[in-house]
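The values are calculated or read from the model by the stated rules, or taken from the named source; none is laboratory data. What you are looking at is a predicted structure, and each value in this text was computed from that prediction instead of being measured. Glycine gets a Cβ as well: all are built from the backbone with ideal geometry, and neighbour counts include every protein chain shown. What goes into the accessible areas is simple: the full protein's heavy atoms, side chains included, and nothing from ligands, DNA or RNA. Shrake-Rupley method; radii C 1.70, N 1.55, O 1.52, S 1.80 Å.
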Amino acid sequence: QDGLTGSAWGDWALYTDSPLRAFESELGVQAPLGFWDPVGYTKGGDAALFRRRRETELKHGRVAMFATMGYIVPEYTRFPGYLSPSAGLKFTDVPTGLAALSKVPAVGLSQIFLFIGLVDFCYYRADPARDAGDFSNGGILGVPNGSGPIKDPETRKRKLNSEIANGRLAMMAIIGMFFQDGLTGSAWGDWALFEGSPLRAFESELGVQAPVGFWDPAGFTSDGDVSNFKRRRSVELKHGRISMMATMGYITPEVVGKLPGYLSPSAGLKFADIPNGLAAISKV
């Protein structure tokens, strides 16, 4: 932020070269991140590509919200009767989550995929004349509802922003559920059931804290090498200590002021003349 705006807490409006300006007023641009595109997919400013990606985001978000509810609801209630009378399979016999794939008959799974395909390719067709994700056969949120169009522009914008935000959260949630389900046998299973975890060698170390526990998504400790772990822990502590000092170095001059007198009497350079942040490098 300092490099792009001139201050560690600078106004992003000062970053006049930002390629994101073409889309910064779009739906989904919400605090605290604003327009979030760290990979730079939209840096070309192509409106057609942005629309296609927005349609994809909405579709994935909606599917993820249904999928997340599909994990949660069966924990509290199931349909009565049989899923497959010919196979004697009741709804209550089908486990929640990934394990259900091994219980549902192949014909049943085929019907599900066929239904999804018909809905996607036939019933909900993208219309260039309508907003991304807005279908003539569905409600304003992309699913059938009896509410009708929302007349108030601010209310409509707030609800559509809420849908995007909830869809993003649901995409993260369902991936987390899949991951935990696949490793422990349940979307909220006990990690103690993951017997093959390479993290067990270090799960009692300092820094293993809720809610993430031992956090090593890149798998650096997957080999269980203690000496490598200790070396990385020393590097982590050193970097953390330096970063704490550096962060205070940005904040303190803004809050309590600067040292009195001269940094360089021969150059007539006072401490008060030194700007905060990266700009100081050109002055010292």
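Some values worked out for this structure:
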item	result
Only one of LEU193, LEU237 that is loosely packed, with under 13 Cβ neighbours inside 10 Å and modelled with pLDDT under 90	LEU193
Within the stretch 262-274, considering residues that are outside any helix (DSSP H, G or I) and in contact with a Pro (Cβ under 9 Å, 6 or more places away or on another chain), the one nearest to ALA246 (Cα to Cα)	ILE274
Residue that is modelled with the lowest pLDDT, among those in the stretch 157-185 that are of a type in the set (D, E, K, R) and exposed (fewer than 14 other Cβ atoms within 10 Å of the Cβ)	LYS157
Residue ID - modelled with the lowest pLDDT, chosen from residues in the stretch 106-128 that are open to solvent by 90 Å² or more (accessible area, probe 1.4 Å) and part of a loop (DSSP other than H, G, I, E, B)	ARG125
Failed criterion for GLY133 (all others in (1) at positive phi; (2) free of Cβ contacts under 8 Å to residues at least 60 places away in the same chain hold)	(2)
The one condition in (1) part of a loop (DSSP other than H, G, I, E, B); (2) at pLDDT below 85; (3) of a type in the set (A, V, I, L, M, F, W, C) that LEU259 fails to fulfil	(2)
Subset of the stretch 10-52 that is among the charged types (D, E, K, R) and surrounded by 15 or more Cβ atoms within 10 Å (Cβ to Cβ) - its residue that is modelled with the highest pLDDT	ARG51
Residue within the stretch 223-245 that is part of a loop (DSSP other than H, G, I, E, B), of a type outside the set (Asp, Glu) and without any contact (Cβ under 8 Å) to a residue 60 or more places away in the chain present	yes
When residues of the stretch 77-105 are limited to those that are among the aliphatic types (A, V, I, L, M) and part of a helix (DSSP H, G or I), the one most open to solvent (accessible area, probe 1.4 Å)	LEU101
Qualifying residue in the stretch 61-73 (condition: open to solvent by 80 Å² or more (accessible area, probe 1.4 Å), over 18 Å from the mean Cα position of the chain (by Cα) and β-branched (Val, Ile, Thr))	no
